[in-house]
Amino acid sequence: MMPTYHNVHNAFKLNGFHFDRESLLRVAYSFIKEGQDFEKPIGDFLLDWFDDKPYIDLQSSGTTGAPKTIRTSKQAIVESAIATGDFFGLRPGNKVLHCLPVKYIAGKLMFVRAFILGLDIDFVAPSANPFQGDIADRKYDFVAMVPLQAKNSLKVLNSNVKKVIIGGSMISKALQKDLLKIATEVYETYGMTETITHIAAREIHEKAFTVLPEITISHDYRNCLVIHAPRISDDLIVTNDIVELVGKNQFKFIGRYDNIINSGGIKLIPEQIENKLSGKIPSRFFVTGKSDEKLGEKLILLVEGDKRPIDESVFEALDKYEKPKEVIFVPKFKQTENGKILRKETANSL
């Protein structure tokens, strides 16, 4: 029988202690009144989750358009948690680490998976290097991270973690090479608030994402991904992500439609250019468009950090029109709490 959003699995543990629904509500009040800053949002979420309403309001990140509040069925979230458990082989009693901001859907879903599937979850403050203090030497069956956390945790992942999923932003080619060297089973996930976190994943050695069961995909006239997930949404979910479909249930991510640069009539996809430059510039960077009288938009490269020379050989892998017309150094990129670069906000601040 399918669990409902009222259920808390009898194997569920939080930081080593079992809690049922009533005791979780007490934890929620404690987090809100006396908890640390990272604990208060989970207190709010737990109170919202266990109230009498069959829905919860989530804030989208803007994958399908402007950020907005999305009213989501709690039962749909439960079904998403179960689908994840089935896809990744999660079982009651599995030891998992929660190190993501609860402000975002991925952080909320880790808790739902835990009390629906009966996981033994350690909840720590989200940071760039989460394996510190008491948990530094603990063994985990499953961890969800953003790329920066994975980059800073390669050694611990290799020795202490069986399976890790990485989402929030794209995995760079350089990080992918490092992840291929470790023993941990590594997946990159694809998803958004509208799909209640991920609807597809790829093992790190694969090129294409595979969708979870009972989800079908297509693309629109822009070649942007269209998702049909009847258990999650009655409507088709139209994204702004340009993809290449591979068979019926797989796709390759190409880039964001709203990042496309039209330079003198040539359409340039930043993600493709950045992929070619990955590993050649020893700091964070991205390419974007800048208004230009002659071209309409010219391609520029933004590099995080102090100004320094960049060898021309870095650009040898680029096609003629992909070479930046200008390189601009930015002391610090604007970013979200989970480390995702805010491209437009950074470019507009110049």
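The values are calculated or read from the model by the stated rules, or taken from the named source; none is laboratory data. Note that the structure is a prediction, hence the values are computed from the model and not measured. Here the Cβ is made from the backbone with ideal geometry for all residues, glycine too, and neighbour counts use every protein chain on show. Surface accessibility is based on the protein's heavy atoms, side chains included, excluding ligands, DNA and RNA. Shrake-Rupley method; radii C 1.70, N 1.55, O 1.52, S 1.80 Å.
Look at (1) closer than 17 Å to I165 by Cβ; (2) under 19 Å from the mean Cα position of the chain (by Cα) and you find that K68 fails only one, number (1).
Residue count for the stretch 4-29 satisfying the condition of being touching a residue at least 24 places away in the same chain (Cβ under 8 Å) and in a helix (DSSP H, G or I): 3. When you look at I182, is it aliphatic (A, V, I, L, M), part of a loop (DSSP other than H, G, I, E, B) and at pLDDT below 95, yes or no? No; evaluated as a whole, the condition is false for this residue. Annotation: of all residues in the stretch 323-350 being open to solvent by 60 Å² or more (accessible area, probe 1.4 Å) and of a type in the set (K, R), the one that is nearest to the chain's Cα centre (by Cα) is K340. The one condition from (1) more than 30 Å from V78 (Cα to Cα); (2) touching a residue at least 24 places away in the same chain (Cβ under 8 Å); (3) open to solvent by 60 Å² or more (accessible area, probe 1.4 Å) that H219 does not meet is (1).
Does L109 satisfy the condition of being in contact (Cβ under 8 Å) with a residue 40 or more places away in the chain and within 16 Å of G16 (Cα to Cα)? Taking the combined requirement at face value, the residue does not satisfy it. Screening the stretch 30-141 for helices (runs of 4 or more DSSP H) wholly inside it with 1 or more residues that are within 30 Å of D234 (Cβ to Cβ) and open to solvent by 50 Å² or more (accessible area, probe 1.4 Å) returns the ranges 40-49, 74-88. Counting residues in the stretch 127-146 that are more than 16 Å from the chain's Cα centre (by Cα) and of a type in the set (S, T, Y) gives one or more. Taking the stretch 255-304 as the range and being within 21 Å of the chain's Cα centre (by Cα) and part of a strand (DSSP E or B) as the test, the residues that pass are G255, R256, F285, F286, V287. Of the candidates Y221, Y190, the single residue that is of a type in the set (F, W, Y) and within 18 Å of the chain's Cα centre (by Cα) is Y190. Applying a threshold of 9 Å to beta carbon distances and a minimum spacing of six or more residues, or different chains, the list of pairs starting in the stretch 159-171 at a residue that is closer than 13 Å to A106 by Cα and touching a residue at least 24 places away in the same chain (Cβ under 8 Å) and ending at one that is open to solvent by 40 Å² or more (accessible area, probe 1.4 Å) and in a strand (DSSP E or B) reads S169/I341. Scanning the stretch 337-350 for residues that are touching a Phe, Trp or Tyr at 6+ places or on another chain (Cβ under 8 Å) and either at pLDDT below 90 or closer than 15 Å to L299 by Cβ (or both) yields E337, N338, I341, L342, R343. The set of residues in the stretch 192-216 that are outside any strand (DSSP E or B) and surrounded by 15 or more Cβ atoms within 10 Å (Cβ to Cβ) comprises T193, E194, T195, I196, I204, A208, L212, I215. Inspect the stretch 150-164 for any residue being farther than 26 Å from L277 by Cβ, within 12 Å of the chain's Cα centre (by Cα) and not in a loop (DSSP other than H, G, I, E, B) and give the result as yes or no. No, every residue in the stretch 150-164 fails to be farther than 26 Å from L277 by Cβ, within 12 Å of the chain's Cα centre (by Cα) and not in a loop (DSSP other than H, G, I, E, B).
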